[in-house]
Every structure is written in C-alpha cells, then in structure tokens.
Amino acid sequence: MDFYIQVLISGLLLGGIYALISIGLNLIFGVVRILNFAHGELVMLAMYGTFWLYKLYDLDPYLSLVVVLPAMFLFGVVLQRFILQPVLTTSGVMKMFTTVGISILMQNLALILWKGDFRAVQTFYSMSTIKFSGLIISIPRLVAFGAALLSIILLYLFLKYTYVGKALRAIVEDHATARLMGITVERHYLLAFGLGALFSALGGTLMMPFSSVYPTIGGPFTALAFVIVVLGGLGSMGGTFLAGLFIGVIEAFAGTFVSPGLKEAIYFVIFLLVLMVRPQGLFGMGRGTEEIGLK
Amino acid sequence: MLNLKGIDCFYGDFQVLRDLSLKVEAGQIVALLGPNAAGKSSTLAAISGALPYTKGEINFCEKPIKGIKPEKVVDLGIALVPEGRKLFQTLTVRENLELGAYSRHAREKRGKTLQQVYELFPVLKDRSSQTAGSLSGGEQQMCAIGRGLMAQPRLLMIDEMSLGLSPILAKQMFTMVQEIAAIGITIFLVEQQVHHTMRVADYTYIIEKGHITMSGPTKEIAANEHVKKTYLGM
Amino acid sequence: MKKYTLWIAGGLGALLLLLVPLYFKSTFVLHIYTLTFFYIGLTAAWNIMAYGGNLSLGHASFFAIGAYVGALLYVKLGISPWIGLTGAVAASFVGGMILSMPLIRLRGPFFTLATIAFTEVLRLIAIDWRDLTHGSAGLNIPFDLGWLNLTFKSGAPFYYIALALAVGSVWLSRWVRYSALGYHLRAAASDDQAAEALGVDFNLVQITALLISATLTAVLGLFYAFYSYVLEPATLFSFELFSLQPALNAIIGGMGTVWGPVIGAVFMTPLGEFLRFYLGTIQQGLNYVVYGIILIMTVRFFPGGILSLLTPLGVRFKRWIGDTGDNQ
Ligand SMILES: Nc1ncnc2c1ncn2[C@@H]1O[C@H](COP(=O)(O)OP(=O)(O)OP(=O)(O)O)[C@@H](O)[C@H]1O
Ligand SMILES: [Mg+2]
C-alpha cells in the first residue's frame with residue numbers, strides 16, 4: 001500500500017511541473033491561437049540557461065531564475081514579434097509549420113552549440129529527501145511542485161483580477177471584439193507569448209536539480225504539454241492543472257507497471273482518444289474552437 | 001461630425017459598398033436603414049477601421065481616419081456596439097463594462113463612467129457579478145450598449161439593436177437611445193426595425209445593395225411612397 | 001498544337017531520364033535520382049490529402065507500415081515483396097481507417113497533431129515489439145539477388161522502379177485532382193456550403209483521399225525498404241525524413257497543385273542530400289538548421305510555393321502543360 005502512495009506522490013509532484021509547462025502552452029494557444037510546436041524547446045533552452053549559469057558562474061539553479069525568467073520572457077516576446085506575428089493571418093496549420101521550423105532550428109542549434117551530451121547540475125540538495133511516515137519525498141521535487149502551484153495561482157489571480165488579465169481573457173474569447181474595445185491585441189499577444197515562455201522556463205529550471213538536459217529533450221515536453229492541454233481543455237487553466245497532475249500520476253504508474261518504452265505511447269493514445277471523443281477537452285471552452293479545427 | 005465620401009469596399013471580388021457617402025451631424029440621431037445584406041454592418045466595419053476600403057475617405061471631426069486600426073479608432077471617440085452584442089460571455093457584466101473603457105482616454109475615468117452606466121441601466125448593477133452569457137437577450141443588449149458608453153464616445157454606433165428583442169423591449173431600448181442622445185452623444189443607428197427607428201431618428205439614410213438610395217430628414221423619408229411600400233408595409 | 005509540343009517535350013524528358021543510368025555509373029548520382037523519385041511519389045501522395053485541406057505530419061506511419069509489412073512478410077515468411085504489396089496496401093488501409101476516426105471531428109492544426117500522435121504510437125510499438133522488429137537496432141533484409149526478391153546488383157533497376165513509382169504517383173494525384181473526388185475535396189477544403197448543401201459528404205470525401213494517400217505511401221515505403229535493405233524504426237518512422245519532408249516539399253513547390261509537389265521534391269531532395277553530406281559532416285545538425293530556416297522563410301515569404309513565384313510565368317507554363325490551375 002505504501003508503495004502505491006509513494007508512486008502516487010511522485011506522480012503528483014511531477015504532474016505539478018507538467019501543469020506549469022502546459023499552462024504556458026495553453027496561454028499561448030488561448031490568446032494568440034498558435035499551437036506552439038516549439039514549446040518543449042523553450043523548456044530546453046531554460047534548462048541549458050540554468051545549467052550554464054551554474055557551470056560558468058556557480059549560480060544556484062533557484063537563484064538562476066532571476067536571470068532565466070526575464071531572459072526567457074524576452075525570448076518569447078522576440079519570437080512572437082519577429083517570427084510569428086508576420087504569419088499571424090495565415091491558416092492555423094501554416095502557423096504551426098512555422099513553430100515546427102522554430103523547433104527544428106532550436107533543437108539543432110542546441111546540438112551544434114552544446115553537443116549532444118547529457119548535462120546535469122549537482123547541488124548539495126539534489127539528492128536530499130524528507131521521510132514522512134514511511135514515505136520518501138525528494139526535496140527539490142517538492143520545491144518544484146510548491147513553486148509550480150504558487151505560480152499557477154499567481155497566474156490565475158493575474159488573469160482574474162488585473163485589468164490586463166481581463167483584457168487577455170477577452171482576447172481569448174473574441175479578439176475582433178476585443179479590438180473594438182481599444183485593446184491593443186498584438187501587444188497582448190507579445191505579453192501572452194512572453195508569459196507562456198516564462199512558465200515553461202520556470203518548469204525547466206525547477207527540474208534542473210534532479211534531471212539533465214540534452215538538445216532533444218524538448219520533443220517529449222511538447223508532446224506532453226499538448227496531451228495535457230487537450231485533456232484539460234483549451235483555454236481552461238484549471239483544467240490544465242488537473243490534467244497535468246493526472247498525466248504525472250499516469251506517468252509514474254506507467255513507469256512502474258508498463259514497459260517503459262510504451263510509457264509515451266500511453267499519452268498519445270490518451271491524446272487521440274480525447275480528440276476523438278471530446279475535442280474541447282474536459283473543461284474546455286466551446287467557443288472559438290471551430291476556428292482552429294475542432295467541431 | 002462623421003463624413004463618408006464615395007466609399008468602395010470589397011470582400012475579395014465581391015463589392016459590398018459602392019460609392020457610398022453619408023454624413024452624421026453632431027448631436028443628432030442618424031439612422032441607416034436597409035434590407036438584409038445591404039451592407040449596413042460593412043459600413044460600420046469600414047468606419048471602425050476593421051474593413052479596409054479601396055476608394056473614398058472617411059473623416060471624423062474634420063480629420064481623415066483612413067487606415068487607423070480599430071483599437072485606435074475608439075481612442076478618437078467612436079464606439080461600436082456590434083451586431084449580435086458580441087459580449088465576452090465568460091466574463092462578468094462588470095468586467096465587460098470595464099473593458100469597454102480600455103482605450104487610453106477612457107481608462108482613468110472608468111470608475112465614474114461605470115456609475116453613469118449603472119444609473120442609465122440599473123439592471124446591470126444588479127447583475128454586475130454575473131457572467132454576461134447568463135443574461136437575458138434584453139440585458140445583454142443593455143450590457144453591450146453600456147460597454148460602448150464606457151469608451152466615453154462622442155459618436156456611438158449601434159448595429160441592429162432590436163435584433164431578437166420582444167416588441168415591448170425594443171421600444172424601451174429606442175427610448176433609451178433617445179436618453180443617451182440627450183446626454184450629448186451623437187448616435188448612428190443601423191436598423192431593420194423601421195418603425196421604431198423612424199420614431200427616434202432625426203435624419204435617415206436608406207442603403208440598398210451597398211449604395212445610398214435615399215436620404216433626408218426622417219419625416220420626409222417616412223412620407224416617401226417607395227419607403228412606405230417597401231419598408232413600412234403600407 | 002499545344003498538346004503536340006507537350007507530348008514531344010514529355011517524350012524527350014522521359015527518354016533522357018531513361019538514359020540516365022547508362023551514362024552515370026556513379027552510385028551516388030543514381031542514388032540522388034532514385035531518392036528524388038521516391039520523394040516525388042511521397043510528396044504527390046501527401047498532396048492528395050492536402051487537396052482537401054488536411055495537412056498531415058504523420059505520413060511516416062504509412063511509409064513504415066508499407067516497409068515493415070512488405071519486408072517482414074519476406075524476411076519471416078519468405079513471401080515475395082510483389083505479393084507482399086497486397087499486405088502493405090491492406091495494412092495501410094486499416095491504418096488509414098483508424099486515422100480517419102479523428103479526422104471526422106478535427107480539421108486544421110488539430111488534425112495535424114492527431115497524425116503526429118498516431119505515428120508516435122506506431123513508432124513506439126515498433127520499437128517495443130522486439131520479437132518482430134528487433135527493436136531500435138532494426139533488422140536487415142537478406143541479400144538474395146533476383147527480381148522476385150527486389151534485390152539487385154546495380155542501382156539501375158531501382159532507378160527505373162522509383163521512376164515508375166514517381167510517374168504513377170503523379171498520374172494518380174493528377175487524376176484525383178481532376179476527378180469528381182478532387183472537385184469535392186477542394187469544396188471541402190474551402191468549406192463550400194453550397195457543395196455541402198448539394199449533398200457532398202465532406203467526411204467521406206476526406207477519408208477517401210486519406211486512404212488513397214495512405215496506401216500509395218505504403219507502396220512507396222515497401223519499395224524503399226527493399227531499396228535501403230535496413231529496417232529500423234528511427235529511420236522509417238523518422239519525423240524529419242518521411243513526415244515533415246513530404247509536407248515541406250509540397251509547401252515549397254506549391255501545395256494543392258499537381259506539379260508543385262514535383263517541383264518541391266526535385267528542388268529539395270538533392271539540396272537535402274547535399275546539405276546532409278556537406279554541412280552534416282562539418283557539423284552534425286547544421287543541415288537541419290538550414291531546414292528550419294527554409295521552413296520558416298517559406299511560410300512567411302512565399303506560402304504559395306515556387307509555383308506561385310513563377311507566376312505569371314507559371315500561369316503560361318501551367319496553361320501550356322494543360323494544368324488549368326484553379327487551385328484553392
Ligand atoms: N467577411 C465577409 N466575407 C465575405 N462576404 C461578406 C463578409 N461579411 C459580409 N459579407 C457579405 O457582404 C454583404 C453585406 O453584408 P453586411 O453584413 O454588411 O450586411 P447587413 O446590411 O449588415 O445585413 P444584415 O441586416 O443581415 O446584418 C452580404 O452579402 C454578406 O454576405
Ligand atoms: Mg448587419
């Protein structure tokens with residue numbers, strides 16, 4: 001019994017980070033209406049950033065957030081402004097093809113610049129755990145989960161109560177009408193993309209104390225984030241959070257009970273099933289989804 | 001105040017507006033009447049900057065506004081209440097109203113404007129924390145007009161306000177429009193509901209197939225035989 | 001008159017292509033030609049779905065299905081690939097039916113995502129099913145010369161096979177384009193309400209296109225397996241090689257037209273091989289950097305592809321070759 005609880009807890013802890021990364025994707029999707037295929041590469045870039053700050057300047061991963069988060073926000077803004085904004089009026093698939101191009105580009109630039117090696121950060125707390133009535137919980141994972149939860153709550157409050165947050169929600173619903181209100185839609189796109197990148201970066205950096213980075217690590221994160229966003233519902237932040245936890249738990253159990261090679265296959269099957277049965281997701285919005293190909 | 005001169009406008013190959021000219025004088029209620037698909041909404045889209053036009057020009061307060069984006073047009077003092085309300089369904093009534101004041105000049109004063117809108121439509125105050133999607137049709141229309149007023153416009157354009165409203169409610173709404181005009185806001189009404197419109201409008205334009213076919217003080221238009229037959233069903 | 005010149009030009013071109021193996025003994029040159037023909041076929045097959053507005057990023061799945069079914073029937077049961085073709089077609093048909101389930105509810109980018117997920121599932125199964133596929137290490141097709149075994153001493157026979165496949169694929173794609181099916185596909189792509197009102201079942205039309213596209217891709221996959229001898233999931237299910245590349249070729253040449261995919265494949269395949277051999281050896285990954293840039297630039301600066309760049313030259317050319325060019 002304890003064993004199951006142990007697996008469940010590690011799944012939930014992992015799921016928190018997945019939720020964080022996926023919320024970034026969902027925000028970008030909801031506001032800018034772009035399916036960002038390069039999302040995992042944003043995570044990858046943040047992980048490398050954390051690694052190099054540690055390696056070159058001996059900066060602790062948690063402290064490196066001070067540099068990594070603003071840098072990745074800016075990176076997201078630049079991507080949106082100079083690469084995606086110009087193709088905003090083309091079809092959804094063409095926009096996605098552009099992000100596929102960005103993904104290939106970033107992946108291979110990382111390979112060229114930093115080689116294919118696995119890079120890890122070894123801190124004094126990397127292996128530290130707390131024991132709690134027979135359960136062993138990794139401290140960096142617990143910290144990551146806590147930080148993920150906190151930032152998701154902050155995002156929720158931001159969207160709910162600030163004027164800019166309300167404008168973002170209005171754009172999610174109907175960007176043409178939002179424009180009539182005087183909302184500078186393109187500028188809010190920059191903000192949303194920056195925030196989306198920031199959230200994935202946060203997820204990436206928080207993972208660094210207990211995992212390693214390599215150029216192709218982004219692919220699985222992109223896949224994971226898409227599964228979670230679709231499962232939780234496009235445009236639904238709460239749904240994404242729950243779906244993130246759910247997928248984390250599935251992963252933890254699948255890793256223990258299913259052939260590890262088929263672990264990922266399970267996500268994709270879930271993804272396909274959700275798309276077939278309830279494409280708007282479990283908590284998703286109905287409105288606006290036709291425009292990007294759900295009916 | 002608003003002056004459209006010889007507008008030509010296309011959706012692809014399809015010409016929706018043909019050499020369209022009209023004027024809205026300050027302080028008046030001006031109506032644009034016409035059958036389905038005549039190009040009424042397209043005219044409003046062209047004014048609000050959402051639809052580019054190939055020929056002609058539009059002046060607002062003597063200044064050309066061609067090429068100005070919709071989000072900036074509202075800064076100039078032109079607000080549009082779109083056809084079908086287009087409220088942000090998942091946002092609350094209050095949030096909808098607040099967002100109406102997003103443009104630069106209206107933003108600071110939004111608390112005060114909100115109180116004025118609540119005075120005009122007390123029901124919105126009662127419903128303020130309800131989502132807009134849960135309002136009744138009439139309430140939604142009030143919320144949409146309220147949202148337009150939040151931009152502190154000098155010119156308020158309302159597209160098919162009476163759509164989907166009961167006759168009694170529609171009548172009340174037209175009375176509300178007169179009240180709004182009394183505050184000093186110029187009103188450009190686009191309608192198919194001819195009777196009520198003609199009751200409140202000072203000046204009327206008739207649009208057919210993208211072209212203004214008739215215009216004049218409302219009384220004269222109402223007396224016209226063609227209008228009587230086709231629009232008033234007399 | 002126009003038809004006449006067309007036939008002469010076509011005949012001359014065909015003759016030249018037939019003579020290539022006699023002049024170029026270099027296996028590298030022959031390989032580039034052969035690969036180009038395979039990609040013309042793949043891109044034309046991919047494009048059949050694009051007529052209906054559905055862009056796949058998962059054609060590697062059908063390619064690998066064809067390759068695995070044909071090769072495994074041969075390796076494990078000794079069945080000639082010529083007979084194995086029926087198996088490849090049948091299996092890809094079933095695969096296409098499965099993929100058409102999400103197609104009924106999805107369009108645009110979400111359908112594209114579904115094609116990716118579908119391919120990933122198959123790829124992971126192929127890697128995991130070691131008894132059958134030998135996992136990620138892959139398995140070789142034994143070298144046993146003979147037409148029946150699709151195994152040859154020189155590169156020439158496969159050159160001709162690939163040429164025939166390319167011609168056949170383009171012919172099929174052209175036939176689809178101008179048939180009632182093609183007309184309905186374009187109506188579906190532009191979401192033509194009038195056509196739907198007339199009783200055109202858009203789902204049926206799109207699924208038919210998917211099945212044609214899938215089975216044709218599987219046939220190409222089978223021949224490719226015997227051309228390359230090696231069956232490994234990393235190659236056959238490769239996103240870059242067989243899912244993205246046909247899409248990229250089509251976009252670059254001119255998606256949704258008959259000749260765009262041909263132009264795209266003829267342009268991109270030698271370029272891709274060149275980049276792989278020269279840049280890829282200087283620095284691993286450099287060739288894909290160029291690919292990423294090409295993809296981003298194409299979508300941004302000429303989303304209509306090379307064919308649209310050639311206008312008005314293209315209009316005249318298309319009229320000349322009898323392509324009325326009324327694409328979406
Ligand atoms: N986005 C668009 N693309 C193509 N055609 C359009 C578009 N919007 C409107 N049209 C066409 O332009 C014509 C005029 O449309 P418009 O909406 O301006 O008419 P309207 O007078 O407002 O009609 P209604 O009273 O029904 O609202 C119609 O024939 C319509 O089909
Ligand atoms: Mg209208």
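The values are calculated or read from the model by the stated rules, or taken from the named source; none is laboratory data. Everything numeric here is computed off the predicted structure, so don't read it as measured data. Here Cβ is always computed from backbone atoms with ideal geometry, including for glycine, and neighbour counts include all displayed protein chains. With ligands, DNA and RNA removed, areas are computed over all heavy atoms of the protein, side chains included. Shrake-Rupley method; radii C 1.70, N 1.55, O 1.52, S 1.80 Å.
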Roughly how many nanometres apart are two label points built 7 Å out from the Cα toward the Cβ at residue A:137 and residue C:240? 4.2
Hey, what do the phi angles of segment C:103-110 turn into as Karplus ³J(HN,Hα) couplings, whole Hz, using 6.51/-1.76/1.60 and θ = phi - 60°, x for Gly and Pro? 4, 5, 10, 10, 9, x, x, 6
Taking only protein heavy atoms into account and a 1.4 Å probe, give the accessible area per residue of the protein assembly as shown in Å². 41
With the cut-off at 1.5 for a/c, could you classify segment C:1-87 from its C-alpha gyration tensor as rounded, prolate or oblate? oblate
Show that you can apply the helix-only estimate: for the protein assembly as shown, add -39,500 (n - 2.57) for every DSSP H stretch of four or more residues, divide by all residues, and state [θ] at 222 nm to the nearest 500. -20000 deg cm²/dmol
Work out the FRET efficiency for residue C:171 and residue B:18 from their Cβ-Cβ distance, taking R0 = 45 Å, and round it to the nearest 0.05. 0.45
For segment C:17-237, the accessible surface attributable to carbon and sulfur atoms (probe 1.4 angstrom, ligands and nucleic acids excluded) amounts in percent to 70
Where the centroid of each part is defined by its Cα atoms, how far is segment C:44-68 from segment C:168-231 in Å? 9
Ranked packing of A:60-68, C:146-154, most packed first, by mean Cβ within 10 Å: A:60-68, C:146-154
Which of A:129, C:132, C:293, positive extreme of dipole for the protein assembly as shown (C-beta unit charges): C:293
Most to least packed among A:12-23, B:185-196, C:7-18 [average Cβ atoms within 10 Å]: A:12-23, B:185-196, C:7-18
Cα shape, segment A:17-218, gyration tensor, a/c 1.5 rule: oblate
Dipole moment magnitude, nearest 20 debye, segment A:17-218 about Cα centre, only Lys, Arg, Asp, Glu C-beta charged: 220
Shielding by other protein chains, C:50-58, mean Cβ within 10 Å: 2
Long-range amide H partners of residue B:207, meaning residues 5 or more apart or on another chain whose placed amide H is closer than 5 Å, are B:33, B:34, B:213
For peptide A:155-167, compute the average count of partner chain beta-carbon atoms within 10 Å of each residue's beta-carbon. 2
Find how many whole Å separate the alpha carbon centroid of segment A:58-125 from the alpha carbon centroid of segment B:203-234. 61
Once phi is turned into θ = phi - 60°, what whole-Hz ³J(HN,Hα) does the Karplus curve with 6.51, -1.76 and 1.60 give for every residue of segment A:99-104, x standing for Gly and Pro? 6, 4, x, 4, 4, 4
Taking 25 Å as R0, compute the FRET efficiency from the Cβ-Cβ separation of residue B:192 and residue B:10 and round it to 0.05. 0.60
With a Förster radius of 35 Å, plug the Cβ-Cβ distance of residue A:112 and residue C:300 into 1/(1 + (r/R0)^6) and report the FRET value to the nearest 0.05. 0.90
Anisotropy class of segment C:17-237 from Cα gyration tensor, a/c 1.5 cut: oblate
Most fluctuating residue given options C:255, C:97, C:297, as computed from a GNM of chain C linking Cα atoms under 10 Å: C:297
Evaluate the distance, in nm, between pseudo-label points positioned 7 Å from the Cα of residue A:186 and of residue B:209 along their respective Cα→Cβ axes. 3.8
Extension gain, residue C:130 back to residue C:194 (0.36 nm per residue minus Cα-Cα distance, nm): 17.9 nm
Along segment B:202-214, Karplus-curve 3J(HN,Hα) (6.51, -1.76, 1.60; θ = phi - 60°) to the nearest Hz, with x for Gly and Pro, reads 7, 9, 10, 10, 10, 10, 9, 6, x, 9, 6, 9, 7
Which distance in nm do the two modelled labels at residue C:279 and residue B:232 give, with both placed 7 Å along the Cα-to-Cβ direction? 7.4
The answer for the net charge of residues other than residue A:194 whose Cβ lies under 15 angstrom from its Cβ, with Lys and Arg +1 and Asp and Glu -1, is +1
Packing-based ranking, highest mean first, of A:133-140, A:99-106, C:199-206 given that Cβ atoms within 10 Å are counted: A:99-106, C:199-206, A:133-140
Give, as a single signed number, the net charge of other residues whose beta carbon lies under 10 Å from the beta carbon of residue B:6, with Lys and Arg counted +1 and Asp and Glu -1. 0
Residue by residue through C:277-287, how many Cβ atoms from other chains fall within 10 Å of the Cβ on average? 2
